[in-house]
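The values are calculated or read from the model by the stated rules, or taken from the named source; none is laboratory data. Worth saying up front: this structure is predicted, and the values here are computed from it rather than measured. Cβ atoms come from the backbone with ideal geometry, glycine included; neighbour counts cover every protein chain shown.
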Amino acid sequence: MNVMSASQQADLRLDTPIIRLRDIRKTFYRGALAVEVLHGVSLDIHAGEFVAIMGASGSGKSTLMNLIGLLDRPTSGSYALDGAEVAALDADQRALLRREAFGFIFQQYNLLPGETAAGNVEMPAIYAGLSRGERTARAAELLTRLGLSDRMDHRPTQLSGGQQQRVSIARALMNGGAVILADEPTGALDSKSGAEVMQLLRDLNAQGHTVLLITHDPEVAAQANRIVELKDGDVVSDRSVGQATSPQASPKRPQHRATPGFALFDVVEAGRMALQALRGNLLRTLLTLLGIIIGVASVVAMLAIGDGAKQSVLDRITAMGTNLLLVRPGAPNIRRSDGVTATLVVEDADAIRLEIANIAAVVPEYTGNVTARYRGRDVTTQVNSTVADFPMARDWPVAEGLFFSAEDVRAYVPVAVIGQTVATNLFPGGDPIGQYVLLNSIPFQITGIMTPKGATPWGADQDDVIYVPLTTGMLRLFGQRYVKTITVQVEDVTKIDDTQEEIRQLLMARHRAEDFQIRNMASIIETAMATQNTLTILLGSIAAIALLVGGIGVMNIMLVSVTERTREIGVRMATGARRLNIMLQFNSEALAICTLGGLIGVGVGLGVTWLFAWFGRPVIFSPEPVLLAFSCAFATGLLFGYLPARKAADLDPVVALSAE
């Protein structure tokens with residue numbers, strides 16, 4: 001077996017055409033109509049040639065250039081680039097070869113308006129993985145070589161047509177540009193600028209670049225060394241023209257770099273380009289941010305306010321006692337408004353205290369409204385006739401003075417302990433302890449003031465009350481022997497359900513009927529918490545809907561952006577961007593919007609929460625709602641940015657470049 005030496009393999013590669021086309025056909029479909037544009041084109045182009053592909057409009061020359069530049073696929077036939085078959089490669093493989101082998105010069109320049117001259121030139125090197133320093137230095141070198149050293153920071157609108165085409169040429173050379181594909185490069189230029197561009201192409205050819213020039217102008221084609229003429233999709237002429245010039249350097253071949261995968265570099269560059277694109281349309285970006293800001297701020301504020309309201313209700317109920325059983329008159333299936341109240345007596349409370357275990361205190365009560373008077377001041381308030389164990393059972397101590405004793409209850413003593421609201425209304429600025437107050441014209445001496453309790457969860461003022469001994473109140477104020485409530489404090493709250501059942505059985509035995517109701521404060525707290533949790537979830541859901549609407553707005557704007565920037569996407573693909581690069585860029589834009597909107601929204605939400613707290617509303621600051629809201633915003637960017645990014649990545653380079 002004969003094995004070729006390395007030098008023989010190199011000679012063979014040099015003899016191999018850099019572009020070899022065999023029986024290339026291209027058919028376009030318009031619904032059911034098939035139109036064949038290229039009819040079996042076969043062509044060899046060697047490295048270092050300067051070839052003009054000429055023909056009238058509709059001859060197929062642009063289609064042929066798109067196939068050679070791997071912007072499109074042939075319907076059938078063989079295409080070998082530098083000896084390797086490439087006709088059947090997928091989109092990303094073609095993008096990598098475009099990056100390594102080709103440099104495109106377009107008639108309309110196709111420069112990105114938001115980038116400077118240097119930024120446009122650097123673009124292919126981004127997709128080749130060059131560091132920022134390397135590509136900046138190379139862009140400066142190329143622009144200086146092409147006479148644009150003083151125009152590097154200018155944007156395309158600040159450059160003349162000839163200068164823009166020079167920038168396009170520099171971009172084509174950024175990654176090496178072994179094969180320069182120039183599509184009507186002088187079509188949009190005046191004669192002087194056109195002559196300068198053609199001289200640049202001849203210079204590039206002399207430096208070893210293979211130049212393919214697409215033109216319909218015979219005078220332009222005559223400046224090449226070879227003219228291939230197309231007519232109606234067929235090669236009708238292939239001839240050498242003029243005097244072949246010897247290149248000043250060896251013919252350039254494609255640079256076969258390692259195929260890159262997903263890397264942090266891609267993410268960083270995608271983020272940079274995304275931020276630059278967002279700055280380019282600042283008003284639209286701000287309006288899109290608004291939806292995310294409102295959604296995130298709503299989540300943060302509503303959850304903080306909801307948690308605060310829940311804790312406030314829980315604190316108020318808890319302040320009434322978590323280890324209490326409330327026994328009230330009336331059968332369980334009869335509402336209190338039905339008037340069945342004369343069923344509980346003081347003896348029932350005594351029986352519970354004496355016969356039931358796990359009891360810490362038993363407090364019978366009778367409440368009613370009275371008119372309280374002191375030195376010409378009259379107030380209508382509530383009197384609670386109760387026993388000496390009330391402060392312990394309700395965990396409600398006296399702030400000043402003393403609560404009445406068990407002996408006061410047994411002796412029917414006319415003493416009273418008042419709440420803070422009563423003290424404020426009857427004794428503004430004075431000391432009520434030791435004073436006498438008339439309750440329904442009966443004098444009672446004040447012995448103490450209760451600690452402020454505030455409003456109940458249902459809004460009643462717990463401090464607008466006067467406490468008197470049970471016996472005194474029932475006999476002298478209300479004339480009743482029945483009680484309205486028996487409050488039972490249990491010792492071991494874990495056995496509260498068993499104690500409740502024992503009390504129920506005892507009272508049924510005493511009354512021979514279930515003409516009472518027992519309410520468990522622990523279960524009331526659980527019910528209140530469940531209700532508040534439901535309300536919090538409802539508030540959070542409303543806020544989440546606002547965030548969802550913001551996400552839909554982001555997706556809508558990104559879809560519009562893809563449509564507006566279709567040509568830009570085509571240019572990026574022509575210069576070597578893979579589907580991954582395009583997806584990362586557009587998804588990064590959506591992610592940047594949602595991340596920035598999330599940060600601002602968190603700040604706004606915390607500000608709104610602080611305002612509520614400043615106005616005295618109950619709120620709870622906690623990191624969980626903040627992290628939840630920001631995470632949702634981040635996820636919204638990923639989710640709602642995916643579809644527009646996928647749409648951009650799936651664009652065909654040829655279709656994208658032809659977009660207006």
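Just one of (1) surrounded by 23 or more Cβ atoms within 10 Å (Cβ to Cβ); (2) on the phi > 0 side of the Ramachandran plot trips up residue 98, so point out which.
Looking at each condition in turn, residue 98 falls short on (2).
When both residues are 6+ apart or on different chains and their Cβ atoms are under 6 Å apart, which pairs have a first residue that lies in the stretch 72-88 and is at positive phi, and a second that is buried (at least 19 other Cβ atoms within 10 Å of the Cβ) and not charged (D, E, K, R)?
From the stretch 72-88, the pairs are 77/24; 82/18; 82/254.
Going by what's in this entry, would residue 576 be described as of a type in the set (Gly, Ala, Ser) and on the phi > 0 side of the Ramachandran plot?
Values: of a type in the set (Gly, Ala, Ser): yes; on the phi > 0 side of the Ramachandran plot: yes.
Against the criterion (of a type in the set (Gly, Ala, Ser) and on the phi > 0 side of the Ramachandran plot), residue 576 qualifies.
Tally the residues that are among the small types (Gly, Ala, Ser) and part of a strand (DSSP E or B), restricting the search to the stretch 399-426. Working first, answer last.
Going through the stretch 399-426, the residues among the small types (Gly, Ala, Ser) turn out to be 399, 401, 405-406, 411, 416, 419, 423.
Applying the additional criterion that residues be part of a strand (DSSP E or B) yields 399, 401, 416.
Qualifying residue count for the region: 3.
Restricting attention to the stretch 1-37, and to residues there that are of a type in the set (S, T, N, Q) and modelled with pLDDT under 55, which single residue is farthest from residue 228 (Cα to Cα)?
Residues of the stretch 1-37 that are of a type in the set (S, T, N, Q), as a first pass: 2, 5, 7-9, 16, 27.
Still in the running and modelled with pLDDT under 55: 2, 5, 7-9.
Working: 2: 38, 5: 36, 7: 32, 8: 31, 9: 30 Å.
Per the criteria, the residue is 2.
For the stretch 573-657, which helices (runs of 4 or more DSSP H) that fit wholly inside it have 3 or more residues that are under 24 Å from the mean Cα position of the chain (by Cα)? Spell out how you get there, then give the answer.
Values: elements: 579-614, 623-649, 653-657.
The qualifying helices (runs of 4 or more DSSP H) are 579-614, 623-649.
Among the residues that make up the stretch 373-389, is at least one of them of a type in the set (Phe, Trp, Tyr), at pLDDT below 95 and part of a strand (DSSP E or B)?
Just the residues of the stretch 373-389 that are of a type in the set (Phe, Trp, Tyr), to begin with: 374.
Okay, now just the ones that are also at pLDDT below 95, so 374.
Checking the rest, the ones that are also part of a strand (DSSP E or B) come to 374.
Yes.
So that you can scan it fast, the table gives a plain yes or no per residue for (1) over 38 Å from the mean Cα position of the chain (by Cα); (2) modelled with pLDDT under 90; (3) not hydrophobic (A, V, I, L, M, F, W, C):
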| residue | (1), (2), (3) |
| --- | --- |
| 106 | yes, yes, no |
| 115 | no, yes, yes |
| 126 | no, yes, no |
| 129 | no, yes, yes |
| 132 | no, yes, yes |
| 139 | no, no, no |
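Please determine, by comparing only the residues of the stretch 506-522 that are in contact with an Asp or Glu (Cβ under 9 Å, 6 or more places away or on another chain) and not in a strand (DSSP E or B), which one is modelled with the lowest pLDDT.
522
What do you reckon, is residue 417 in contact with a strand residue (DSSP E or B) (Cβ under 8 Å, 6 or more places away or on another chain), at pLDDT 95 or above and not aromatic (Phe, Trp, Tyr)? Don't jump to the end; show me each part of the working.
Values: in contact with a strand residue (DSSP E or B) (Cβ under 8 Å, 6 or more places away or on another chain): yes; at pLDDT 95 or above: yes; not aromatic (Phe, Trp, Tyr): yes.
In short, yes.
Name the residues in the stretch 53-94 that are more than 24 Å from residue 571 (Cβ to Cβ), assigned to a strand (DSSP E or B) and not acidic (Asp, Glu), would you?
Listed by number, the residues that qualify are 54, 76, 77, 78, 80, 84.
State yes or no: is residue 392 of a type in the set (A, V, I, L, M, F, W, C) and modelled with pLDDT under 90? Can you show your working first?
Values: of a type in the set (A, V, I, L, M, F, W, C): yes; modelled with pLDDT under 90: yes.
Criteria met by residue 392.
Does the stretch 479-492 hold any residues that are within 23 Å of residue 519 (Cβ to Cβ) and out of contact with any helix residue (DSSP H, G or I) (no Cβ under 7 Å at 6 or more places or on another chain), and which are they?
Residues satisfying the conditions are 482, 484, 485, 491, 492.
Just to verify a result, which residue in the stretch 463-495, among those that are closer than 17 Å to residue 392 by Cβ and outside any strand (DSSP E or B), is modelled with the lowest pLDDT?
Looking at the filtered set, the residue picked out is 493.
In the stretch 388-417, how many are touching a Phe, Trp or Tyr at 6+ places or on another chain (Cβ under 9 Å) and within 27 Å of residue 521 (Cβ to Cβ)?
Step one: of the stretch 388-417, the residues touching a Phe, Trp or Tyr at 6+ places or on another chain (Cβ under 9 Å) are 388, 390-391, 396-397, 403-404, 413-417.
After this cut, where a residue has to be within 27 Å of residue 521 (Cβ to Cβ) as well, the list is 388, 390-391, 396-397, 403-404, 416-417.
Final tally of qualifying residues: 9.
Got at least one residue in the stretch 598-608 being without any contact (Cβ under 8 Å) to a residue 12 or more places away in the chain, surrounded by fewer than 23 Cβ atoms within 10 Å (Cβ to Cβ) and within 21 Å of residue 284 (Cβ to Cβ)?
no
Take the conditions at pLDDT below 85, assigned by TED's automatic domain parsing to the domain that holds residue 293 and more than 30 Å from residue 105 (Cα to Cα) and apply them to residue 639. Does it pass?
The answer is yes for residue 639.
Has the stretch 59-76 got at least one residue that is aliphatic (A, V, I, L, M), surrounded by fewer than 18 Cβ atoms within 10 Å (Cβ to Cβ) and in the same structural domain as residue 232 (by TED's automatic domain parsing)? Don't jump to the end; show me each part of the working.
Within the stretch 59-76, the first condition is being aliphatic (A, V, I, L, M), and the residues that meet it are 64-65, 67-68, 70-71.
Add one more test, that the residue is surrounded by fewer than 18 Cβ atoms within 10 Å (Cβ to Cβ), and what stays is none.
So far as the stretch 59-76 goes, no, none of its residues is aliphatic (A, V, I, L, M), surrounded by fewer than 18 Cβ atoms within 10 Å (Cβ to Cβ) and in the same structural domain as residue 232 (by TED's automatic domain parsing).
Residues are listed down the side, and each one gets a yes or a no for (1) outside the structural domain of residue 557 (by TED's automatic domain parsing); (2) within 27 Å of the chain's Cα centre (by Cα); (3) modelled with pLDDT of 75 or more:
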site: 286; (1), (2), (3): no, yes, yes
site: 330; (1), (2), (3): yes, no, yes
site: 334; (1), (2), (3): yes, no, no
site: 339; (1), (2), (3): yes, no, no
site: 350; (1), (2), (3): yes, no, yes
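Going by the conditions given, is residue 160 closer than 16 Å to residue 572 by Cα and of a type in the set (Ser, Thr, Tyr)?
On the way: closer than 16 Å to residue 572 by Cα: no; of a type in the set (Ser, Thr, Tyr): yes.
Against the criterion (closer than 16 Å to residue 572 by Cα and of a type in the set (Ser, Thr, Tyr)), residue 160 does not qualify.
Looking at the stretch 154-177, can you tell me whether even one residue there is under 27 Å from residue 53 (Cβ atoms) and more than 43 Å from the chain's Cα centre (by Cα)?
yes
Just checking, which of 164, 108 is surrounded by 17 or more Cβ atoms within 10 Å (Cβ to Cβ), farther than 21 Å from residue 269 by Cα and assigned by TED's automatic domain parsing to the domain that holds residue 197?
Working: 108 fails: surrounded by 17 or more Cβ atoms within 10 Å (Cβ to Cβ).
Just a single option satisfies the conditions, and that option is 164.
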